[in-house]
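Participant: Mind having a look at this structure? Questions to follow.
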Amino acid sequence: MYFEQFYLGCLAHASYLIGSEGECAVVDPQRDVDIYLKAAVEHGLQIRYILESHLHADFVSGHKELAARTGAQIYIGAQARAKFPHVAVSDGFQLQVGSVTISVLETPGHTPESLCFLVTDRKKSARPWAVLTGDTLFLGDVGRPDLSETHSPAQLAAMLYDSLHHKLMTLPDDVIVYPAHGAGSLCGRNMRAERSSTIGTERLTNYALQIKSRDQFVRELTTNLPMRPDYFLRDAQINREGAPALDELPPLASISPRTLREMMAQGVVALDVRPNEEFATGHVPGSVNIALSGQFASWAGTVLGLATPLVLVAASDSQVEEARMRLARVGIENVRGFLQDGPAGWTQAGFALEEQAQMTVQDLHDRARSGEIHILDVRREPEWQAGHLAGASWWPLDKFSSALPELARGTPVAVHCKSGYRSMTACSLLQRAGYGNVINVRGGFDAWQKAQLPVESGAAVETR
């Protein structure tokens, strides 16, 4: 048996290739599928099967393109109501891939159609070797139960309890667990950073599996759920229909500075993908900064949505190409082009760049004591509860798409997150909305703690 995990860090997404005797299956493919085609060729395998654990909500799957390019058949849960050619599978279905048996376990809970795939290498043992758990069971966590349009979170959480205890926890302790997501994904709450575990380890350490009562499990899983980005339901629908191939996307146009100014006046968003420090030094006025260095596509989907028309602002052609690919992975395809020659081209056309003010945590501490500056924390609620700055107000970046925080226009506002990545995005959105006196806090809460400055804890109260 040949087995490989492909981990896409920017989306905290894991996909898999399972091969034996010249053929293979791909599980939960990302949208750009060349990596699977390359791996199959390198190992003398033909991709014949594509397995989807569920309709993914946080990224667009490449199942339809991969099937078109290989002739492989797509297998997905019968409850998915998929609209592309597929084989609808249910509990007990088995697929033979060479000497490997892949058995389907129906495990509804994260979504109604969720599946897990039990892998047995018959040449080595009749006992199962691993289980690919999709978004049902993570390392240290379980899938969130609020991503369905047909079932309530309480209904899904009850299903998830049954799936965990009546299906997965009946497996031997030495069965290896390979989930579809890792730390950083919004499909759960607080996953561990490792890429695999075992049933026995999760049985002993996973907080959700320590909850013995079904009713208590439902209460726990439906309380204080992390905010669900609006684009999640749209991505699930795209995956139900099957996304078009990436080569069907039109080429990006090179857009002059003058044309970009006109487009921005008509509602097009200039998305600056450069590192935070470069954006702070000088950027197109009114542009939004989401740097490629972090969870770029997830934040673009969260704060801008899938339909917003975009023009990319980058320092190089490679940044433009990377940004477009990563945006397409979450279903953002309305990219009109890129700024010709980037910020340098903007100044060469006679237009001025705008700067983003920044400050150190020590400067913030000194100014905060005098009461001359307002502090805005844009982290998520669990981060706030674990520790925050005295006197700060809270408005998570996740909510900026629906409403901006209410801030006094004349008062300086110091914006911080954990490290400075999200806060720069927040600053750019506030600047774009006309708040002229916003200051990014370099290093964020991490730098504040490193400097051993005072921290409070407690429940969050939004700015409005």
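Participant: Pairs, please: C-beta under 7 Å, at least 6 apart or cross-chain, first residue closer than 11 Å to residue 58 by Cβ and in segment 6-17, second surrounded by 22 or more Cβ atoms within 10 Å (Cβ to Cβ) and among the hydrophobic types (A, V, I, L, M, F, W, C)?
Facilitator: 11/59; 11/297; 13/59; 13/180
Participant: Inspect all residues belonging to segment 276-294 and state whether any of them is over 30 Å from residue 151 (Cβ atoms), open to solvent by 30 Å² or more (accessible area, probe 1.4 Å), without any contact (Cβ under 8 Å) to a residue 40 or more places away in the chain and assigned to a loop (DSSP other than H, G, I, E, B).
Facilitator: No.
Participant: If I ask for residues that are touching a Ser or Thr at 6+ places or on another chain (Cβ under 6 Å) and on the phi > 0 side of the Ramachandran plot, which ones from segment 55-98 would you list?
Facilitator: Result: 98, single match.
Participant: Another one. Exactly one condition in (1) modelled with pLDDT of 95 or more; (2) under 23 Å from residue 403 (Cβ atoms); (3) among the charged types (D, E, K, R) is false for residue 240; which is it?
Facilitator: Only one criterion in (1) modelled with pLDDT of 95 or more; (2) under 23 Å from residue 403 (Cβ atoms); (3) among the charged types (D, E, K, R) is unmet by residue 240, namely (2).
Participant: Applying the selection to segment 275-303, what residues are farther than 21 Å from residue 9 by Cα and of a type outside the set (Ser, Thr, Tyr)?
Facilitator: 277, 278, 279, 280, 282, 283, 284, 285, 286, 288
Participant: Here is a follow-up. Could you please find all residues in segment 316-334 being assigned to a helix (DSSP H, G or I) and not polar (S, T, N, Q)?
Facilitator: Listed by number, the residues that qualify are 317, 320, 321, 322, 323, 324, 325, 326, 327, 328, 329.
Participant: Conditions first: (1) farther than 25 Å from residue 297 by Cα; (2) under 28 Å from the mean Cα position of the chain (by Cα); (3) surrounded by fewer than 21 Cβ atoms within 10 Å (Cβ to Cβ). Residue 35 passes all but one, so which condition is the exception?
Facilitator: (1)
Participant: Can you tell me which residue among 203, 144, 189 is open to solvent by less than 10 Å² (accessible area, probe 1.4 Å) and farther than 22 Å from residue 25 by Cβ?
Facilitator: Going through 203, 144, 189 in turn, just one is open to solvent by less than 10 Å² (accessible area, probe 1.4 Å) and farther than 22 Å from residue 25 by Cβ: 144.
Participant: I would also like to ask the following. Just one of (1) closer than 17 Å to residue 114 by Cβ; (2) touching a residue at least 60 places away in the same chain (Cβ under 8 Å) trips up residue 229, so point out which.
Facilitator: The one condition residue 229 does not meet is (1).
Participant: Right, here's the next one. Quick one: how many residues across segment 208-239 are assigned to a helix (DSSP H, G or I) and more than 22 Å from the chain's Cα centre (by Cα)?
Facilitator: 9
Participant: Can I ask one more? Considering 84, 93, which residue is of a type in the set (Phe, Trp, Tyr) and open to solvent by 50 Å² or more (accessible area, probe 1.4 Å)?
Facilitator: Of the residues listed, the single one that is of a type in the set (Phe, Trp, Tyr) and open to solvent by 50 Å² or more (accessible area, probe 1.4 Å) is 93.
Participant: Residue 333 fails exactly one of the following numbered conditions: (1) under 23 Å from residue 248 (Cβ atoms); (2) surrounded by fewer than 17 Cβ atoms within 10 Å (Cβ to Cβ); (3) of a type in the set (D, E, K, R). What is the number of that condition?
Facilitator: Against the list (1) under 23 Å from residue 248 (Cβ atoms); (2) surrounded by fewer than 17 Cβ atoms within 10 Å (Cβ to Cβ); (3) of a type in the set (D, E, K, R), residue 333 comes up short only on (2).
Participant: Considering only segment 43-68, how many residues are in contact (Cβ under 8 Å) with a residue 40 or more places away in the chain and farther than 25 Å from residue 231 by Cβ?
Facilitator: 4
Participant: Here is a follow-up. Output the number of residues of segment 97-129 satisfying the condition of being out of contact with any Leu (no Cβ under 8 Å at 6 or more places or on another chain) and either surrounded by fewer than 19 Cβ atoms within 10 Å (Cβ to Cβ) or of a type outside the set (Asp, Glu) (or both).
Facilitator: Selection size over segment 97-129: 13.
Participant: Where in segment 361-450 are there helices (runs of 4 or more DSSP H), lying wholly inside it, with at least 2 residues that are without any contact (Cβ under 8 Å) to a residue 24 or more places away in the chain and either within 19 Å of residue 226 (Cα to Cα) or open to solvent by 10 Å² or more (accessible area, probe 1.4 Å) (or both)?
Facilitator: Hits in segment 361-450: 361-369.
Participant: Having 1 or more residues that are of a type in the set (Val, Ile, Thr) and at pLDDT 95 or above is the bar; report the strands (runs of 3 or more DSSP E) wholly within segment 1-120 that clear it.
Facilitator: Ranges flagged: 13-20, 23-27, 46-51, 73-77, 87-89, 94-97, 100-106.
Participant: Looking for something of a type outside the set (Phe, Trp, Tyr) and open to solvent by less than 30 Å² (accessible area, probe 1.4 Å) - is there at least one such residue anywhere in segment 344-353?
Facilitator: yes
Participant: Is it the case that segment 343-358 has a residue that's touching a helix residue (DSSP H, G or I) at 6+ places or on another chain (Cβ under 6 Å), at pLDDT 95 or above and assigned to a strand (DSSP E or B)?
Facilitator: Checked segment 343-358: at least one residue is touching a helix residue (DSSP H, G or I) at 6+ places or on another chain (Cβ under 6 Å), at pLDDT 95 or above and assigned to a strand (DSSP E or B).
Yes/no per residue for (1) under 24 Å from residue 197 (Cβ atoms); (2) open to solvent by 10 Å² or more (accessible area, probe 1.4 Å):
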position	(1), (2)
27	yes, no
31	no, no
42	no, yes
45	no, yes
64	no, yes
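Participant: Moving on. Hey, can you tell me all the residues within segment 148-178 that are farther than 20 Å from residue 90 by Cβ, of a type outside the set (Phe, Trp, Tyr) and open to solvent by 20 Å² or more (accessible area, probe 1.4 Å)?
Facilitator: Hits for segment 148-178 are 149, 152, 153, 154, 169, 172, 173, 174, 176.
The values are calculated or read from the model by the stated rules, or taken from the named source; none is laboratory data. Here the structure is a predicted model, which is why all the values come from computation and not from measurement. Ideal geometry is used to build each Cβ from the backbone, glycine not excepted, and the neighbour counts take in all protein chains shown. Ligands, DNA and RNA are stripped out before the accessible areas are found, and what is left, the full protein with its side chains, is counted by its heavy atoms. Shrake-Rupley method; radii C 1.70, N 1.55, O 1.52, S 1.80 Å.
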